[in-house]
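Visitor: Mind having a look at this structure? Questions to follow.
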Amino acid sequence: MTHVLTLNAGSSSLKFGLFALGASDPSAVSTGLVEEIGSDCARIHASSGDGEVIADNRPEPIQDDAVALDRVLALLGHHYPDVRISAVGHRIVHGGQDIVSPQPLSEEVLKKLERLSPLAPLHQPQNLLVARIAMARFPKALQIACFDTAFHRHHPWVNDVFALPREYYDKGVRRYGFHGLSYEYISDHLRRTAPLFHAGRVIVAHLGNGASMCAMVSGRSVGSTMGFSALDGLPMGTRCGQLDPGVLLYLMEQEGMSASEIADLLYKHSGLLGLSGLSHDMRTLEKADTPETRQAISYFTFRIRRELGALAAVLGGLDTVVFTGGIGENSRLIRDRVCGDMGWLGIELDHDANADNNRIISTDLSRVSVMVIPTNEELVIARAAALHLASEATKVHDRS
Ligand code: ADP
């Protein structure tokens, strides 16, 4: 049987998935992650496709992504010795202005993607580094890049532009939007399981350590809260979200901060962590229940509600809201706070269904349906790799 490995490299984590390809949708053999890479207390967690834990290792030193990937491959080799990997699928944060679909990776494509690193300095170099390591480890496998920006590339011009002199738009200063693989999964899931919802006006709230919202019509993105970088829109675990550009001028001119100091502040010390002074992690904030953590949660939900109204205006109305991501899938408190007193927008939450993390958490009478759908970016990558493998096989067949 053919297998696909999926890799999703974050700033200090590496998520992976091993998928078997058969006649139907790719099926997960194992998924997991290595976290705190680059420290002495990195950890590997992995489960089998049916949810059984196969690794929950004690903290150990893992100095970089190359070592992390080797540890993952050793783990998978130990548990699944007969697996042969035919394709490796990568999550790549930035595909630039033109890329609207997954691309096979070659040296030429990598060079093109490297030129986009200034647009996503904290993610793109890491993604490409892991792609290069995987290409060296699996020289014969097909390598496929799947892009977080691709899902949003059909935005109308007004949702793609900043009101700067036009030359900056031409240079690529645009609203790219991110979390595209997660939104693609939700869109496709609705198409398969709830086609009427898919056909309508949907707002998806992807609420994890990174957080954004996407407005869709008939499954296609028409607006997103994230813009040029992965900083805009909602406040996140450690990222600030929407900020008046005047604040940047103030930080430079009055506080004498350099570009890298400001980047560090906005990406790593702001958001829920900055406001609470305690943690980036929603579970910790919910448990702590101090005045500062309550305020951090209030700002988070206030911004989500504000964007919900704004995106509903972009859509000209609203039929469905979907919560996804670690917070969206699990935090009944956040969903409750976001949906409370939203009757004016047609949202009536069913509090029991919400408390049980049900798939549909709105009442039968609610004009807008509210859903909880666990996202699966790894599956989107595996599907793209499966499609490319199948088309390669067809080409070989046609040539022979
Ligand atoms: P990433 O963006 O890194 O993929 P996740 O989607 O895994 O992040 O989301 C991580 C966030 O989800 C953390 O803030 C975590 O606290 C939160 N989370 C996970 N489970 C729960 C829960 N039961 N209640 C509240 N928050 C949760």
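Visitor: List the lysines whose Cα sits under 16 Å from the Cα of K112, skipping any in the same chain fewer than 8 residues away.
Guide: Cα-Cα hits under 16 Å: K171.
Visitor: What is the extension gain from L248 to K287, computed as 0.36 nm multiplied by their sequence separation minus the C-alpha to C-alpha distance, in nm to one decimal?
Guide: 10.7 nm
Visitor: So what are the three principal axis dimensions of the range 50-122 from its Cα atoms, in whole Å, longest to shortest?
Guide: So the extents along the principal axes, rounded to whole Å, are 41, 28, 24.
Visitor: Net charge within 12 Å of G241 by Cβ-Cβ distance, Lys/Arg positive one each and Asp/Glu negative one each, not counting G241 itself?
Guide: Combined, the nearby Lys, Arg, Asp and Glu give 0.
Visitor: Rounded to the nearest 500, what is the chain's calculated 222 nm mean residue ellipticity when only DSSP H runs of at least 4 contribute -39500 (n - 2.57) each, over all residues? If you can, show how the numbers build up before the last one.
Guide: Working: 15 runs with 160 residues, N = 400.
My calculation for the chain gives -12000 deg cm²/dmol from helical runs alone.
Visitor: Now for a different question. For the range 222-264, evaluate the Debye formula with one uniform point scatterer on each Cα (no solvent term) and list log10 I(q)/I(0) at q = 0.33 Å⁻¹, rounded to two decimals.
Guide: Once normalised to I(0) and log-transformed, intensities are -1.16.
Visitor: How large are Rg and Dmax for the range 256-400 when calculated on the C-alpha trace, in angstrom?
Guide: Considering the range 256-400 through its Cα atoms, Rg and Dmax are 20.7, 70 Å.
Visitor: Regarding the range 144-255, what whole-number volume in Å³ per residue does the convex hull of its Cα atoms give?
Guide: Details: hull volume 14.4 nm³, N = 112.
About 129 Å³ per residue, rounded to a whole number.
Visitor: Now for a separate question. State the answer as a single residue: which of I44, G89, S24 lies farthest towards the positive end of the charge dipole of the range 1-132, with beta carbon charges of +1 for Lys and Arg and -1 for Asp and Glu, about the Cα centre.
Guide: Going by the charge dipole, the pick is G89.
Visitor: If ligands, DNA and RNA are left out, what is the accessible area of T284 with a 1.4 Å probe, given in Å² to the nearest 10?
Guide: Ignoring ligands and nucleic acids, T284 comes out at about 60 Å².
Visitor: Taking 2.2 N^0.38 Å as the expected size of a compact globular protein, what ratio does the Cα radius of gyration of the range 82-140 give against it, to two decimals?
Guide: Here the answer is 1.16, to two decimals.
Visitor: Show me 296-302, 250-256, 86-92 ranked by packing, highest mean number of other Cβ atoms within 10 Å first. Present the calculation step by step, with values, prior to reporting the outcome.
Guide: Values: 296-302: 19.3, 250-256: 11.1, 86-92: 25.4.
Top to bottom by mean Cβ count within 10 Å: 86-92, 296-302, 250-256.
Visitor: Further, regarding this structure: Kindly give the semi-axes, whole Å and largest first, of the ellipsoid equivalent to the range 107-197, taking each as the square root of 5 times a Cα gyration tensor eigenvalue. Walk me through the numbers before you get to the answer.
Guide: On the way: eigenvalues 139, 115, 17 Å².
Calculated on Cα positions only, the semi-axes equal 26, 24, 9 Å.
Visitor: Next up: Using a cut-off of 11 Å between beta-carbons, work out the net charge of the residues near V72 (Lys and Arg +1, Asp and Glu -1, V72 not included). Before the final figure, lay out each step's value.
Guide: Numbers: positive: K15, R71, R137; negative: D65, D70.
Residues near V72 contribute +1 overall.
Visitor: Three principal axis extents, largest first, for the C-alpha atoms of the range 331-400, in Å?
Guide: Answer, in whole Å and largest first: 64, 22, 16 Å.
Visitor: Right, another one. Would you give the gap between the C-alpha center of the range 330-400 and the C-alpha center of the range 89-118, rounded to a whole Å?
Guide: 26 Å
Visitor: At 25 °C and 0.890 mPa s, grab the translational diffusion coefficient of the range 271-329 from Stokes-Einstein with a Kirkwood Rh over Cα pairs, rounded to a whole number in µm² per second.
Guide: Working: Rh = 12.7 Å.
For these conditions, the coefficient is 193 µm²/s.
Visitor: Roll a 1.4 angstrom probe over the protein heavy atoms and tell me the percent of accessible area of the chain that is carbon or sulfur.
Guide: Solvent-exposed carbon and sulfur of the chain make up 53 percent of the total.
Visitor: Also, quick follow-up: Along its three principal axes, how long is the range 1-132 when you only count alpha carbons? Whole Å, largest extent first please.
Guide: Principal axes ranked by extent give 42, 41, 21 Å for the Cα atoms.
Visitor: I304: net charge of surrounding residues, Cβ under 13 Å, Lys/Arg +1, Asp/Glu -1, itself excluded?
Guide: +3
Visitor: A follow-up question, please. Shape call for the range 162-318 from the C-alpha gyration tensor, a ≥ b ≥ c root eigenvalues: rounded (a/c under 1.5), prolate (a/b greater than b/c) or oblate?
Guide: Verdict is oblate for the range 162-318.
Visitor: Using alpha-carbon positions, what is the distance between the centroids of the range 40-58 and the range 206-247, in Å?
Guide: What the calculation gives is 30 Å, centre to centre.
Visitor: Ratio of Rg to Rh for the chain, alpha carbon only, Kirkwood?
Guide: 0.96
The values are calculated or read from the model by the stated rules, or taken from the named source; none is laboratory data. Not measured: the values here are computed from a predicted model. Heads up, the Cβs are rebuilt from the backbone with ideal geometry, glycines too, and the neighbour counts pull from every protein chain shown. Note: areas computed on protein heavy atoms with side chains; ligands, DNA, RNA excluded. Shrake-Rupley method; radii C 1.70, N 1.55, O 1.52, S 1.80 Å.
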